[in-house]
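What follows is a short report on a single structure.
The values are calculated or read from the model by the stated rules, or taken from the named source; none is laboratory data. Note that the coordinates shown come from a computational prediction; the quantities given were computed from them, not determined experimentally. Note: ideal-geometry Cβ built from the backbone for every residue, glycine included; neighbour counts use all protein chains shown.
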Amino acid sequence: MKLYLVRHGEPSYTPCTQRGLIGQGRDLSALNEDGIAQMDLCSEKLLNSGAQVIFSSPYTRALQSAAIIAKHTGLTTKVIHDLHEWIPDLTFQYKTYQELKLLYQDFELNHGNYPNDERMFTEYTRWESLSDLRRRVKNALMPLCDHYESVIVVAHGMVIQTLHYQEKVDFGEILELDFDKDYQQPEWRF
């Protein structure tokens, strides 16, 4: 199955910050004007992709991005819950962007896996492991192989990196990938 992996457009977290939303509440953030323009441009590139359907993460920034692509391509959008972004805080209590950065730094410091494979919650060690993220994403996409030849997947940077690793995936960037039941996930470089 051919995947067109699309990172959502650039979001604005200001409305969520102003409302004091924490943890996954921050995932209600919609696209800013640049993000909308990024997705309009992305949509033009996907017009002749041959994709049959769009699959999206359930997070607002991805859903809005998928809606823009659907408007331009005429494709149906379906939500797959497990295409959501990496979970930086399994307690869903992080409050600031600075705290989010510290959680990600701990993830990197530990190469994405808990020391001795023991999940232990400390101040900055409460994130979803790389192995759990990879398993979640791969299991979400596997059933599609039996039904589709080509799909657009609108998701998040880290979700895309588990499937097609590159150091940075830009907002609105499209990466193409052949995916099947024998797909081997690429090495993550820390």
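Mind telling me which of the residues Ile36, Ile68, Ile54, Ile22 ends up being crowded, with 18+ Cβ neighbours inside 10 Å, more than 30 Å from Asp182 (Cα to Cα), out of contact with any Asp or Glu (no Cβ under 6 Å at 6 or more places or on another chain) and of a type outside the set (Phe, Trp, Tyr)?
Testing whether each residue is crowded, with 18+ Cβ neighbours inside 10 Å, more than 30 Å from Asp182 (Cα to Cα), out of contact with any Asp or Glu (no Cβ under 6 Å at 6 or more places or on another chain) and of a type outside the set (Phe, Trp, Tyr) leaves just Ile68.
Can you name the residue in segment 126-153 that is in contact with a Leu (Cβ under 6 Å, 6 or more places away or on another chain) and more than 22 Å from Ala66 (Cβ to Cβ) and, of all such residues, is surrounded by the most Cβ atoms within 10 Å (Cβ to Cβ)?
Trp127
Which of the residues that make up segment 76-92 are over 25 Å from Val151 (Cα atoms) and either touching a strand residue (DSSP E or B) at 6+ places or on another chain (Cβ under 6 Å) or surrounded by fewer than 19 Cβ atoms within 10 Å (Cβ to Cβ) (or both)?
Result: Leu90, Thr91, Phe92.
Can you name every residue in segment 43-74 that is closer than 13 Å to Val154 by Cα and not in a helix (DSSP H, G or I)?
Passing the criteria: Ala51, Val53, Ile54, Phe55, Ser56, Ser57, Pro58, Tyr59.
Please determine whether any residue of segment 107-119 is farther than 24 Å from Thr17 by Cα and of a type in the set (A, V, I, L, M).
yes
Can you name the residue in segment 16-52 that is of a type in the set (Gly, Ala, Ser) and either over 16 Å from the mean Cα position of the chain (by Cα) or modelled with pLDDT under 90 (or both) and is also farthest from His147 (Cα to Cα) among such residues? Don't jump to the end; show me each part of the working.
Going through segment 16-52, the residues of a type in the set (Gly, Ala, Ser) turn out to be 20, 23, 25, 29-30, 35, 37, 43, 49-51.
This time we only want the ones that are either over 16 Å from the mean Cα position of the chain (by Cα) or modelled with pLDDT under 90 (or both), so: 20, 23, 25, 37, 43, 49-51.
Details: Gly20: 42, Gly23: 35, Gly25: 33, Ala37: 32, Ser43: 23, Ser49: 17, Gly50: 15, Ala51: 12 Å.
So, considering only residues that are of a type in the set (Gly, Ala, Ser) and either over 16 Å from the mean Cα position of the chain (by Cα) or modelled with pLDDT under 90 (or both), the one farthest from His147 (Cα to Cα) is Gly20.
Tell me which residues, restricted to segment 6-33, are touching a residue at least 40 places away in the same chain (Cβ under 8 Å) and more than 19 Å from Thr96 (Cα to Cα).
Result: Val6, Arg7, His8, Gly9.
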